[in-house]
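Peer 1: Please read through the structure below; I'll follow up with questions.
Bear in mind these aren't lab numbers, they're just calculated from the coordinates by the rules spelled out. These numbers come from a predicted model, not from an experiment. All Cβ positions, glycine included, derive from the backbone under ideal geometry; neighbour counts span all protein chains shown.
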């Protein structure tokens with residue numbers, strides 16, 4: 001058996017044709033979806049990049065593996081301590097380590113380990129190909145290396161090939177010569193100048209007046225990525241830039257698939273297409289960032305083409321990305337490591353049966369500190385550190401009726417908020433009672449005790465000066481009240 005895992009950084013499912021997007025961004029991905037199962041409610045347990053991929057590869061929630069931030073103590077895996085054997089447990093208990101023990105040659109093409117200093121990401125891989133630009137590479141930097149590997153190794157049996165593309169990640173970077181195939185197409189109909197005007201009044205990183213995080217500076221090397229959104233033309237530049245990145249990487253995926261067809265191995269190939277997280281594109285007033293524990297950031301695509309599995313099926317159940325490991329274990333007839341937190345949805349892959357969870361708890365501690373509960377049609381969000389966005393403590397959205405999170409119903413639906421808090425507390429109790437030996441601390445509180453999430457720590461004094469320049473002084477007293485430690 002051969003498995004191709006396409007790990008497409010920052011990919012929103014609703015910007016893919018197979019998920020209903022009207023723009024033709026993803027014909028090659030769409031074809032794989034037609035030949036397999038597309039999961040409609042698939043979420044990363046921990047956002048963004050480092051926490052998400054650590055959860056996937058360790059099979060554990062961030063609260064268990066310890067990685068929830070992009071820096072500080074909570075960006076490091078929990079130490080095994082005195083119980084550590086001659087080799088780390090990750091040798092066998094990581095996803096690639098498990099697959100290697102199951103007989104696969106495990107191979108990765110990715111800069112991720114070096115980008116985040118996350119060397120544990122390599123655990124279990126036989127071959128690690130660092131594409132060398134810390135996540136700033138484009139598809140044309142990666143595809144030739146992979147094509148060479150396929151030429152030399154594609155016909156071998158029992159390989160797992162992890163292939164990581166970054167073109168949908170900021171700054172949007174499709175080469176200038178690629179052009180803009182979407183220049184004459186309409187924008188998604190929920191956008192308007194009125195919406196932009198409303199969002200320009202808000203404060204916080206990556207709002208329309210500070211797309212570059214805390215200011216409106218632009219990098220001339222990336223003309224598809226604006227520093228500020230003033231009007232619909234600026235918005236088009238950003239949306240088109242993102243969609244061009246998806247279209248560009250999809251074309252490169254087509255080249256990879258064609259090479260595997262030429263090798264004669266495509267018919268029996270397992271293809272898995274997913275992402276680490278998605279991207280806020282106006283939700284909560286945030287543009288071009290994966291900064292919250294919401295539907296926009298945490299919902300990711302998952303498409304599985306299993307040769308003997310279901311075809312052209314849409315599965316609606318709730319799943320975490322860390323459920324992939326137990327699913328592969330069941331499909332391969334193997335027993336998963338006991339420390340994995342996921343649960344299998346193999347029946348969905350093989351028969352198209354809904355096999356999801358009753359609810360999910362989503363976490364974000366790198367830009368804000370939030371925990372959210374996804375249940376029924378609802379997303380409940382609880383904020384512990386607002387990342388300078390001035391979010392309320394509680395937010396509640398009907399994802400079915402309001403997928404872009406425009407109407408916070410927390411005050412109108414207190415019973416639903418109470419239900420969500422009960423789910424969150426039950427989850428938290430379970431996580432704390434199953435904590436690794438020697439650990440009793442929730443890493444979110446480690447982040448809070450260090451002064452806050454990495455991307456919103458130490459920036460407030462300078463950002464307040466920018467708010468004065470841009471006419472949003474109204475927010476300064478509340479920001480100082482909420483974050484007094486930044487002025488000590």
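Peer 1: What's the number of the condition residue 277 fails, among (1) over 21 Å from residue 459 (Cα atoms); (2) out of contact with any helix residue (DSSP H, G or I) (no Cβ under 9 Å at 6 or more places or on another chain); (3) in a loop (DSSP other than H, G, I, E, B)?
Peer 2: (2)
Peer 1: Of the residues 419, 400, only one is free of Cβ contacts under 8 Å to residues at least 60 places away in the same chain and within 30 Å of residue 312 (Cα to Cα); which?
Peer 2: Within the list 419, 400, the selection yields 400.
Peer 1: Restricting to the stretch 300-313, name every residue that is out of contact with any helix residue (DSSP H, G or I) (no Cβ under 6 Å at 6 or more places or on another chain) and under 30 Å from residue 236 (Cα atoms).
Peer 2: 300, 302
Peer 1: So residue 412 ticks every box in (1) free of Cβ contacts under 8 Å to residues at least 24 places away in the same chain; (2) surrounded by fewer than 16 Cβ atoms within 10 Å (Cβ to Cβ); (3) assigned to a loop (DSSP other than H, G, I, E, B); (4) under 24 Å from the mean Cα position of the chain (by Cα) but one. Which box is left unticked?
Peer 2: (4)
Peer 1: Could you name every one of the helices (runs of 4 or more DSSP H) located completely within the stretch 1-107 that has at least 2 residues being free of Cβ contacts under 8 Å to residues at least 60 places away in the same chain?
Peer 2: 27-34, 90-93, 95-101
Peer 1: Within the stretch 246-262, is there a residue that is part of a loop (DSSP other than H, G, I, E, B) and in contact (Cβ under 8 Å) with a residue 24 or more places away in the chain?
Peer 2: no
Peer 1: While we're here: Here's a check for you: in the stretch 449-471, which residue that is touching a helix residue (DSSP H, G or I) at 6+ places or on another chain (Cβ under 9 Å) and in a loop (DSSP other than H, G, I, E, B) is farthest from residue 229 (Cα to Cα)?
Peer 2: Checked the stretch 449-471; the qualifying residue farthest from residue 229 (Cα to Cα) is 450.
Peer 1: Go through (1) buried (at least 16 other Cβ atoms within 10 Å of the Cβ); (2) within 27 Å of the chain's Cα centre (by Cα) for residue 429 and report which single condition fails.
Peer 2: (1)
Peer 1: Residue 135 is checked against (1) closer than 21 Å to residue 277 by Cα; (2) touching a helix residue (DSSP H, G or I) at 6+ places or on another chain (Cβ under 6 Å); (3) in contact (Cβ under 8 Å) with a residue 40 or more places away in the chain; (4) crowded, with 18+ Cβ neighbours inside 10 Å and fails just one. What number does that condition carry?
Peer 2: Condition (4) is where residue 135 drops out.
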